[in-house]
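Notes to accompany the following structure.
The values are calculated or read from the model by the stated rules, or taken from the named source; none is laboratory data. These numbers were taken from a predicted model, which means no experiment stands behind them. Positions of Cβ are backbone-derived with ideal geometry, glycine not excepted, and every protein chain shown enters the neighbour counts.
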Amino acid sequence: MAGRRKEKNSRRLAFALVGLGLILLGCFIRVVDPYPVRMSRLIYFDVLQRLSPREYNPDLPVRVLDIDEESLAEWGQWPWPRTLMAEMVARLGDYGAAAIAFDMLFVEPDRYSPSRLVNDPALSGLLNLGEDAAQLDNDELFGAEIANWPVILGVAARSAQANREIVPKAGIIEIGEMPASGLVAVPHWTPPAPPLGRDAAGIGGVNVSPLGGTGVVRRVPALWGSPDGVLPSLWAEALRVAMGEAIIIAEGAPDEAGIMLAVEIGGFRLPTTENGEVWVRYRRDVPDLYLSANDVMQRSDDPALRAEIEGRIILVGTSAAGLFDMRQTALGQSVPGVSIHAQIIEQVLTEEMLSRSDVTAALELLAFIILGLVVILVMSRFGAVASFLAGGFSAAIVLGISWMAFRNQLVLFDVTFPLLGGMANFGLLAGYLFISTEREKRIIRRIFSHYVAPEILDEMDAHGHQLELGGTTQEITVMFSDIRGFTTLAESTSATDLVTVLNDLFSELGDQILTERGTIDKFIGDAVMAFWNAPLQVEGHPLRAAQAALLMRRALVKFNTSDVMQGRPPIALATGLATGQACVGNIGSRRRFNYTVIGDVVNVAARVEQNCRHVDYDILVSSAVFHAAGQDLAMLEAGFVDLKGKSKPEPVFVLIGDQELAQSPVFSELESAHQNLVAAIRDRQPQVFIEELCSECRDLAEGVEPGLTGFYRKLPGRVADFRTDVPSEHVMFSHARHLKKVSR
């Protein structure tokens, strides 16, 4: 007893060490944070936002002036003359806009300026302008206009260096150890054309993602790093100008350089990632956010427009498809890029800022460790099923915590790594446990391999059969019968109880094989292999083997209702039979050998058994068995299946019942309907017609063998199995058998 307890404790210790090793491996993967881990986390955050998006508040002081398709149709293609843009700015200023931010670039001088047109060789002979008019510069006029109002111009990231520098308008105060050194950086900016950059009240970056970034926009930098210095994003600069602030405060970690914690603009504190990005708290895109540029340009004093513009931050952008400024949000919508800037300003004003800190990441890792420990402790004592339930309950708690943190605190707590990592640990540990169970199965297999049928022992005693190496080639019938659902049984049963169940089951099945004068070759874990016609000659061995399979089916029904199976899932069998030539004899080493068979027929029988799942029936036989015993048993054609190691498909048949059933009227009716179904398939009749015939056969099968319902339910998806070129002897034999039964 003490030895068994010591062995059990050793197994538990080994199991725990394996589990702890998996937890450490998971922690290492999380620290490395490879791309699949990052993407699963981001997709989960998208799901959270889709389940609970931010609500739109029409009273917020943010609007988008949209240069839409209607505006382009009315005022011409883009870019518009700077004189027209100056008029737009004047209109917005007169309406009382708190800030006017352009989510667009004014990089090149206006091509419509008279001073540029008179210098165009193609137009110089056509234009007759006065000297004063020839000196007019639209950029000067536009700059003079924007100098009168709180206008913010946009600049964009570029890889090549420009010949002009950007002079930021916002003052940046850094608190901590150089937090700006870790900002998302751009190589260079595209500066506005002179003198626009000088006359603007603010300059901000229009990019919503780093240079070259594509896909879903989830985070947007509040501040950018560049060779020209720290530059605010367009939305941050618009908010600063609208509030009349001169500075933006960058708050960093006090003891670590290059780490950004938050950005302060006026009275608003915005938590950021360590490189200065803010998470976008999205809402559904709504048309109420947008004002058409055409309406503003055509109406000089409209009370309704004034109500929409006065005191608000106006972001000027475009939704026109031809200007290619559409971005993908976490809600799965494509919106204009300017809408993202507007949504960030909205969430700042409503203080609905998403946050995610290093503490949150540490808690996620702790959740993974706790889930792993729960799986280890429960599985080592109570098995895989109890561990699955306990782990699922713990996972539900973690998922609930994540959801409540998002809903109530706007904290992004990732559950994908704890849950997926926990599931991976569970699967690997369950596999380890299953391997331990397989080891017990191998012990059973070694024990039963020492036993043969009593008839064999009697024959050996009577004829002085010598136990020596060697064998003879002869025709035999081989059976493979495998337990289905054994993994489920093994997970819910201790190893000792599992041995008891297998012993009782193999005893029942073995008795049926021996009744039909078969030889039990071996028990292979949860499977049994047997053969007929050796070492004793058995007349009609294919028929004997088929009858043994039917007896095993009946014995299994009785076994599943026995006391040993109470409270356990029922066991199902898959049985395959094949007849052919094989070498039969004692095979092994000189010191240890087994009486067994070697040959292609063994492989065929095993592969036929494996195709029971494909055909969805419990007993399959090869064409050789069908030819030898088909006239005495109830069998039906099941098509051609691929057997591993065989170059051509093998015709197989389902074994339904004994001779009494084969001669019954109900089976004759089913057999006739089945022949019509197979003929329809091979004639390539429409799928609807084939499904109708399958339904007819399924109805008839209820009165013959209920197990056939699954076979016919799956058959419409296996029509290709029946359309393989059929050797003439199979067709002729099948029809001859049918005609013979009809004549009876």
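Observations
- Within the option set PRO36, PRO58, being surrounded by fewer than 16 Cβ atoms within 10 Å (Cβ to Cβ), free of Cβ contacts under 8 Å to residues at least 60 places away in the same chain and either within 25 Å of GLN409 (Cα to Cα) or within 41 Å of the chain's Cα centre (by Cα) (or both) holds for one residue only, PRO36.
- Candidates are the residues of the range 480-510 that are aromatic (Phe, Trp, Tyr) and under 38 Å from the mean Cα position of the chain (by Cα); the one that is nearest to SER380 (Cα to Cα) is PHE486.
- Top-ranked residue of the range 513-569 - restricted to ones that are more than 42 Å from the chain's Cα centre (by Cα) and of a type in the set (Val, Ile, Thr), ranked as nearest to VAL652 (Cα to Cα): ILE513
- Residue within the range 131-144 that is more than 28 Å from ASP94 (Cα to Cα) and modelled with pLDDT of 60 or more present: no
- One residue from GLY182, GLY258, GLY252 being touching a helix residue (DSSP H, G or I) at 6+ places or on another chain (Cβ under 9 Å), surrounded by fewer than 23 Cβ atoms within 10 Å (Cβ to Cβ) and over 30 Å from SER113 (Cα atoms): GLY258
- Helices (runs of 4 or more DSSP H) contained entirely in the range 700-744, each with at least 3 residues that are more than 18 Å from ILE656 (Cα to Cα) and modelled with pLDDT under 50: 728-743
- Filtered by the rule that a residue be within 18 Å of CYS612 (Cβ to Cβ) and either assigned by TED's automatic domain parsing to the domain that holds ARG607 or modelled with pLDDT of 90 or more (or both), the range 630-645 gives LEU633, ALA634, MET635, LEU636, GLU637, ALA638, GLY639, PHE640, VAL641.
- Scanning the range 667-723 for residues that are under 39 Å from the mean Cα position of the chain (by Cα) and of a type in the set (Ser, Thr, Tyr) gives SER695, THR709, TYR712.
- Residue match in the range 157-177 (condition: loosely packed, with under 14 Cβ neighbours inside 10 Å, among the aliphatic types (A, V, I, L, M) and assigned to a loop (DSSP other than H, G, I, E, B)): yes
- Where helices (runs of 4 or more DSSP H) fall wholly inside the range 1-107, the ranges with 3 or more residues that are farther than 27 Å from PHE406 by Cβ and not assigned by TED's automatic domain parsing to the domain that holds THR360 are 2-32, 69-75, 82-94.
- Taken together, the criteria place VAL597 among residues that are farther than 30 Å from ALA720 by Cβ and either at pLDDT 95 or above or in contact with an Asp or Glu (Cβ under 9 Å, 6 or more places away or on another chain) (or both).
- For the range 683-696, residues that are in a helix (DSSP H, G or I) and closer than 13 Å to ALA720 by Cα total 2.
- Selection within the range 210-226: residues that are more than 12 Å from PRO168 (Cβ to Cβ), in contact (Cβ under 8 Å) with a residue 12 or more places away in the chain and outside any strand (DSSP E or B). The member of this set that is farthest from the chain's Cα centre (by Cα) is ALA222.
- Residues (under 22 Å from ALA634 (Cα atoms) and surrounded by fewer than 19 Cβ atoms within 10 Å (Cβ to Cβ)) located in the range 683-699: SER695, GLU696, ARG698, ASP699
- Those helices (runs of 4 or more DSSP H) lying entirely in the range 332-443 with at least 2 residues farther than 30 Å from GLY525 by Cβ and aromatic (Phe, Trp, Tyr): 384-409
- Given (1) in contact with a Ser or Thr (Cβ under 7 Å, 6 or more places away or on another chain); (2) surrounded by 21 or more Cβ atoms within 10 Å (Cβ to Cβ), number of the condition PHE434 does not satisfy: (2)
- Selection from the range 180-209 of residues that are within 40 Å of the chain's Cα centre (by Cα), polar (S, T, N, Q) and in a loop (DSSP other than H, G, I, E, B): ASN207, SER209
- Subset of the range 448-486 [closer than 25 Å to ALA549 by Cα, polar (S, T, N, Q) and at pLDDT 75 or above]: THR473, GLN474, THR477, SER481
- When SER672, SER664, SER622 are screened for being in contact with a His (Cβ under 9 Å, 6 or more places away or on another chain) and small (Gly, Ala, Ser), only SER672 passes.
- Of all the listed residues (ILE513, ILE444, ILE435), the sole one being closer than 28 Å to ARG381 by Cβ and at pLDDT 75 or above is ILE435.
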